[in-house]
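To start, the structure under review is shown below, and the notes come after it.
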Amino acid sequence: MDYFLELLIGGLTRGSIYALIALGYTMVYGIIELINFAHGEIYMIGAFTALIVAGVLAMSGMSGLSVLILASVVAVIYSAAYGFTVEKVAYKPLRHASRLSPLISAIGMSIFLQNYVLVAQTSDFLPFPNLLPDLPFLANYVGFIGSTEFIIIGTTAVIMVLLTLLIKFTRMGKAMRATAQDRNMAMLVGVNVNRVISNTFIIGSALAAIGGVLIASHVGRINFYIGFLAGIKAFTAAVLGGIGSIPGAVLGALVLGCTESFATGYVSSDYEDVFAFVLLIVILIIKPSGLLGHKPTQKV
Amino acid sequence: MSTLNYTKYMEGMKQAVVVSLWFMFLTFPIMVIRVNTIENIIEWRWMNMLYIGAGSFILSFVWRKMSGRGISARKESIGAQGGRKFYLQRLVSEKRLSLPALGIVAVIALFFPFVSSIYQTNIMTTALMYVVLGLGLNIVVGQAGLLNLGYVAFYAAGAYTYALLYHHFGVGFWLALPLGALAATVLGVLLALPVLRLQGDYLAIVTLGFGEITRLVLENWNEFSYGPSGISGIPRPGLFGMEMDMHEATVYLYFLMILLCIITIFVVNRLQDSRIGRALLALREDEIACQAMGINKTMVKLTAFALGSTWAGLVGVIFAAKTTFVNPASFTFLESAMILSIVVLGGTGSIIGIIIGALLLILLPEYLRAFGDYRMLLFGIIMVIMMIFRPQGIVTGVRKTYEFHTEEK
Amino acid sequence: MNPILEAKNLSMNFGGLKALDRVDIDVLPGQITALIGPNGAGKTTFFNCITGIYSPTGGDIFITPSGGGRKKITGINIHKVTENGVARTFQNIRIFPDMTVLENVMIGRHCRTEAGVLGAILRDKGTMTEEKAIVARSYEILKKIGITEHVNLLARNLPYGAQRRLEIARALATDPFLLLLDEPAAGMNPQETRDLEALIISIRDEWEISVFLIEHDMRLVMGLSDSVYVMDYGEMLARGTPQEIRQNPEVIKAYLGEDVSA
Ligand SMILES: Nc1ncnc2c1ncn2[C@@H]1O[C@H](COP(=O)(O)OP(=O)(O)O)[C@@H](O)[C@H]1O
Ligand SMILES: [Mg+2]
């Protein structure tokens, strides 16, 4: 039972990180139907920025929670700025091109950003300081969850609630939903579609940065390549849940995280990543639109 | 008139300043600061900021000029099949120009291995392999419009077929070649069957997953594929039992690839304007209308996957023979992305375009080696820029034209 | 005369919406039959059910090709419907934009020919004969339709009216016994509409293909049709000759209203 709980917590932790990245994929896809391959790199850049800021602060004698907060804030700002710029440079000029063009542009962007960090920083793995505070009270009440896991799951949950509120109730959220439903219609009723798309990239990138800081603290090391697998996994999660659907991305991410955790725990750790993709393929074959996606009724 | 020019100029100036400030801000932490956690020092590379600022200032002007042109180029391409043509396009479509060009290419191809080093011949052989891979993937993506991001799996199937058959049974290259192609074809159909119902991006992600699964299985199933270290000692292709030294073997493989390229081009070209080729195109253009024309969508998709993966299997066998060694690291997603980029950059549906695309994409990073670490960086940029300024690829496919004599009135 | 197309009790629900509600329709051979009704009445949905694009939620569809026996085609695959001799055009033009005009029509011959991959590569005599026949027949159809100058043009570059005609040509190339046209005159100018009328009549009389069309242009429908069905809110309101429909008070009330005398 303890082992089961341990795996469950591990799965939820993993799933939370996937969820933070998957949201960016799903929101962008919902609005411009693009698989933003560079999104994983945005997350990587978030982690790197946090590492740099934390390093500078640590060497100037700062420590504790203030480092975490400052590093996270700067990482979020920078990831958002990168997301915004990537959209403006690599996708916006292609808005009316065929579907493949932006996809290739995204792949190019992804290769570029990886190598940009490689060249400007290093190709080695860098140790990432554990910025997340220790929560000693946890040990007294619940033995099976560490503070890092607790913080990751908790932070993600709070962010999900905030995002849901943002999308449900703010003007910007409404504009985003309208654009996702029908871009031309939204344009006709006066929604500034360009701004909506920019906002989507900014929000998605900011979330990815938070994921980047959390996971880097958890795992303890990063390099320029971490965005790739995380990106693919998160995209898998988004598709699993039904791409374009925000609750779907979260559900898909948690299901994916838990599947990986249980499969590695009970079956074999060698095939950790295989389980993720097998799960994806099985679900898509049974329910091609994903867990929470609804089949678009194609009108002819 | 001059005031208009002046305001325009000022506008560009203002934009350039904003852009350059923005990029200086954007690249600040990653380009300027480097934290060395081991020695506990921070490097501040302020010069980088200067370079970025100046570079983006200039590029802003270039971009402004180019994007005006890019849009007009796009408009032009709509009028293709008639209308003004890109010079490469003319080279391809006018016999008067294309025949001599073909002759020159043939001569260069014939003498290339004799005037260049082993190293360069090897690279050229690799580029030719990608020509075939590109043409194969083009059947699936360019013609049938099925976005396949796991094409590398079929490539791996061919390579491992030869490696394993040799390892266990001592099967030689020439027998492994058709068997590798067959293995890839079967794998292609096996993949196509479950994903037939999926469309567009769902198909893309499932094929991506499939490619990754293949690689991960090869990496972890030690008893079957000998894990990450792979299988080595695979023999090069033989020629009637002749002994060949390294140089001869390289040249031989080069001509083998030239031959395979010619065969591929021949086959793909014939397919393109056949009943099956048209059905693939119709599927890409409009799935519903295609079916309403009495075309069995399932059959067409299976055919596309099977036809596409066969080539990957063939090249896979040659790859194994060329490197004499296979391991899973050669079959990553980046490989699929590279082949897809060849298809899209070259111009989906255009044979010449894909050949040029393959040569560019494979040779460019090699010759960009002079740029050291910057080569993949440049490669990424070039991909983005190509898509923005010429999204239809280097050469757009030209459809066959038919002549009719309108005798009766 | 036995009907060549029969819909019996055909229903189609989308969620709660009854797009078709127990519809009965017969199409007689050698006739031009029209289906009219206000926007959203369910006309296109009816075509989609017949051609296998939607699977009807209730009822049955039968065809009786001139040579063969009566056959149930409810819910079969789209391409099977075409193979069985029922071809269609679409309300929103769905030509293959990046193929040439001639190729668009050649695609229509696909289901009546059989060259495979091997034939394509080897170009044996059988394949080449078949290919020549495809080209010749497609050109012949284009000639009858009146698009001969532009055969090598990409279909996307055709003028709008010609695109609509091309879609008809493409459907004809599948050798149908019944042609379904979904608003063929939509967006056409008066001259193009008159040409279209002549074309539809020649399809019936010279090609001996029965036509079933959805159309909003009342003058066209009334002048052309042998029999007319009127649909509203997914239900069949009336059927009869154009004369009868014009005088049917229910129809006038529901649909034609002010428009009938025009
Ligand atoms: N795929 C679909 N999903 C949901 N509703 C549909 C679909 N296709 C048609 N409908 C609905 O069915 C009704 C009839 O549509 P349609 O057959 O296109 O009308 P018509 O062709 O007579 O103008 C409309 O209310 C339309 O919105
Ligand atoms: Mg309609």
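The values are calculated or read from the model by the stated rules, or taken from the named source; none is laboratory data. All of these numbers come straight from a predicted model, not from anything done at the bench. Ideal geometry is used to build each Cβ from the backbone, glycine not excepted, and the neighbour counts take in all protein chains shown. Heavy atoms of the whole protein, side chains included, go into the accessibility calculation; ligands, DNA and RNA do not. Shrake-Rupley method; radii C 1.70, N 1.55, O 1.52, S 1.80 Å.
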Extended-chain gain in nm, criterion 0.36 nm per residue less alpha-carbon gap, C:Glu140 and C:Asn92:
14.7 nm
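Leaving out ligands, DNA and RNA, calculate the buried accessible area for the pair C and B with a 1.4 Å probe, summed over both sides, in Å² to the nearest 100. Numbers along the way, then the final one.
Values: alone 12670 and 23220 Å², together 32270 Å².
Interface area, both chains combined: 3600 Å², rounded to the nearest 100.
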Mind checking which of C:Pro65, C:Asn9, C:Met231 is farthest towards the positive end of region C:5-261's charge dipole, using Cβ charges of +1 (Lys, Arg) and -1 (Asp, Glu) about the Cα centre?
C:Pro65
Nearest-10 value in Å² for the accessible area of A:Val282, using the 1.4 Å probe:
70
Expressed in nanometres to one decimal, the distance between label points 7 Å along Cα→Cβ at B:Trp46 and C:Lys18 is 8.0
Estimated 222 nm signal from helices in chain A, with DSSP H stretches of n ≥ 4 weighted -39500 (n - 2.57), rounded to 500:
-24500 deg cm²/dmol
Can you give the FRET efficiency to the nearest 0.05 for A:Lys174 and B:Leu190, using r as the Cβ-Cβ distance and R₀ = 41 Å?
0.35
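Restricting to the protein assembly as shown, what percent of DSSP beta bridges are antiparallel, rounded to 5?
65
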When the dipole is taken about the Cα centre of region C:149-262, and only Lys, Arg (+1) and Asp, Glu (-1) are charged at their Cβ, what size is it in debye, to the nearest 20?
180
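Obtain the radius of gyration and the Kirkwood radius of region C:5-261 from its C-alpha atoms and give Rg over Rh. Intermediate values should be presented prior to the final figure.
Values: Rg = 18.9 Å, Rh = 19.1 Å.
In region C:5-261, Rg relative to Rh is 0.99.
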With a 1.4 Å probe, how much accessible area is buried between chains A and C, both sides summed, in Å² to the nearest hundred?
400
Accessible-area composition of region B:319-409, carbon plus sulfur, in percent [1.4 Å probe]
63
Sort C:Met231, A:Met160 by accessible area with a 1.4 Å probe, largest first.
A:Met160, C:Met231
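Once neighbouring chains are kept in place and the probe is 1.4 Å, which whole percent of the accessible area of region C:5-261 is contributed by carbon and sulfur?
Numbers: 5010 of 10340 Å².
The value for region C:5-261 is 48 percent carbon and sulfur by accessible area.
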Length gained if A:Ser147 through A:Leu165 is fully extended, taking 0.36 nm per residue and subtracting the Cα-Cα distance, is 3.8 nm
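Can you classify chain B as rounded, prolate or oblate using the Cα gyration tensor, where a ≥ b ≥ c are the square roots of its eigenvalues, rounded means a/c under 1.5, and otherwise it's prolate if a/b beats b/c and oblate if not? Spell out each step's value before the answer.
Details: a/c = 1.64, a/b = 1.19, b/c = 1.38.
Note, shape of chain B comes out oblate.
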Two-site label geometry, B:Met13 and A:Leu5: point separation in nm, points 7 Å out along Cα→Cβ:
7.0
Need the full-extension length gain, A:Met59 to A:Thr122, defined as separation in residues times 0.36 nm minus the C-alpha distance. One decimal, nm.
20.7 nm
Förster-model FRET efficiency, 41 Å R0, B:Phe255 and A:Val282, C-beta, rounded to 0.05:
0.35
Under the span-like rule (Cα at least 27 Å along the axis, Kyte-Doolittle mean at least 1.6), DSSP H helices of chain B
B:95-115, B:173-195
Convex hull projection area averaged over all views, region A:17-234, Cα basis, nm²:
13.0
Considering only chain C, what is the antiparallel percent among its DSSP beta bridges, to the nearest 5?
55
At 1.4 Å probe radius, can you tell me the per residue accessible area of the protein assembly as shown in Å²?
43
Of the listed pairs A:Lys168/C:Lys18; A:Lys287/C:Lys8; C:Lys18/C:Lys43; B:Lys400/C:Lys132; A:Lys233/A:Lys287, those with alpha carbons more than 22 Å apart are A:Lys168/C:Lys18; A:Lys287/C:Lys8
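Taking the Cα centre of the protein assembly as shown as the origin, how large is its charge dipole in debye, to the nearest 20, when only Lys and Arg (+1) and Asp and Glu (-1) carry charge on their Cβ atoms?
Working: 74 positive and 68 negative charges, 374 e Å.
Rounded to the nearest 20 debye, it is 1800 debye.
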With angles folded into 0 to 90 degrees, how steeply does helix C:125-145 sit against the dominant principal axis of chain C? Use alpha carbons for both and round to 10.
40
Sorting B:His167, B:Asn148, B:Tyr119 by the position of each Cα along the dipole of region B:91-389 (Lys, Arg +1; Asp, Glu -1; all at Cβ), the one nearest the positive end of that ordering is B:Asn148
Cα→Cβ-extended label distance, 7 Å offset, between B:Phe169 and B:Asn269, nm:
3.6
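In debye, nearest 20: dipole of region B:8-75 around its Cα centre with unit charges on the Cβ of K, R (+) and D, E (-)? The partial results should precede the final answer.
Working: 9 positive and 3 negative charges, 132 e Å.
Taking the Cα centre of region B:8-75 as origin, the dipole is about 640 debye.
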Using only Cα atoms, find the angle between the long axis of helix A:2-32 and the longest principal axis of chain A, and express it within 0 to 90 degrees, rounded to the nearest 10.
30
In Å³ and rounded to a whole number, note down the convex hull volume per residue for the Cα atoms of the protein assembly as shown.
227
Whole-Å semi-axes of region B:8-75's equivalent ellipsoid, largest first, each the root of 5 times a Cα gyration tensor eigenvalue?
34, 13, 7
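Between B:Asn222 and A:Glu33, what FRET efficiency follows from the Cβ-Cβ distance if R0 is 51 Å, with the result rounded to 0.05? Walk me through the intermediate numbers first.
Numbers: r = 41 Å, r/R0 = 0.81.
Taking R0 as 51 Å, the efficiency between B:Asn222 and A:Glu33 is 0.80.
How large a share of the accessible area of chain A, in percent, is made up of carbon and sulfur atoms when the probe is 1.4 Å and the other protein chains stay in place? Working shown, then result.
Values: 7920 of 12010 Å².
Within chain A, the accessible surface is 66 percent carbon and sulfur.
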Scan chain C and hand back the longest stretch that contains none of the GluC sites (Glu not before Pro) lying in DSSP loops with at most 12 other Cβ atoms within 10 Å.
C:1-113
